[in-house]
1. Find how much the distance from residue 70 to residue 58 grows on full extension, using 0.36 nm per residue of separation minus their present alpha carbon separation; answer in nm with one decimal.
2. As a test of reading the structure, rank 129, 206, 20 by solvent-accessible area (1.4 Å probe, protein chains only), most first.
3. In the full protein assembly as shown, how much of residue 46 is accessible to a 1.4 Å probe, in Å² to the nearest 10?
4. Solvent-accessible area of residue 74, probe 1.4 Å, all protein chains present, reported in Å² to the nearest ten, please.
5. Rounded to the nearest 10 Å², what accessible area does residue 107 have for a 1.4 Å probe in the complete protein model?
Amino acid sequence: MMSLTKTNLAEVVKKQYFHKLRANIDAFSALVGIQVLAIVFSLAGVGSTGMSGGGMIINVNYFSADVVIVFTFFWAFITAITVNTKVNRFQDFTFVTNRVSSGLSNILFLATAGLLGSMTAVLSGYLLKVIIYLFKSQPVYSIRSGMEEILLGIVVAFLYILLVSSIGFLFSSITAISKVFIFLIPVIIVGMLFLGGIVPNEYFIKGIEFFVGEKNVLLFALKTLSTSALIFGAGIAILRRREVRQ
């Protein structure tokens, strides 16, 4: 492990951060591609309802950016894994660095990518409305959203993306110990979800409700940021421990 005693940690993290922005430009290209794909899927609508009476039949289709946001979660998870791969970790050692500075620069990169992803995901809802208005023959009705609602949507989406990114980062750190975990972890998760014998499903549901059920934005932010920090910290700790052993 190379020493940081003569190098300012903040300066090293800054250099690595900008290096990662340039080196992982493909992640942003992938973001555009996956969100365009999600918009295409969204053209079918996210739900529908119908009613009839007096010789009339009314069908209502609902359109939103929900599919785009879910696809962005998946992108964030994969990006967090790829940025923490063995090849990228070794590239960090072209700088005077250690696992802490490398991990912090990864977190900053994922936060930046997540912020961009949350902005484009939320705003894609308006692009979707324009496409539907131009190419659908049926009347289109939209609920107006002010700037406050848009900013709130971006903040909430960003916090979720950051949480998902931290899980992907931890997954990548664990699999760095042994490739067996690549197969073992999904098997455990599937067992938790469907078998219910090892860990009751109600615990998993309560874990989801801990975040999704929170109505207070400040408390939600506190929950997601603190949980993300703990998960990111665990990932960095695993890599540091592995580095000492090597």
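The values are calculated or read from the model by the stated rules, or taken from the named source; none is laboratory data. These figures come from a predicted structure and were not determined experimentally. Side chains included, ligands, DNA and RNA excluded: accessible areas come from the protein's heavy atoms. Shrake-Rupley method; radii C 1.70, N 1.55, O 1.52, S 1.80 Å.
1. Details: separation 12, 0.36 × 12 = 4.32 nm, distance 2.92 nm.
Once the chain is fully extended between residue 70 and residue 58, it gains 1.4 nm.
2. On the way: 129 65, 206 120, 20 5 Å².
In descending accessible area the options line up as 206, 129, 20.
3. Here the residue's solvent-accessible area equals roughly 70 Å².
4. Using a 1.4 Å probe on the heavy atoms, I get roughly 130 Å².
5. 40
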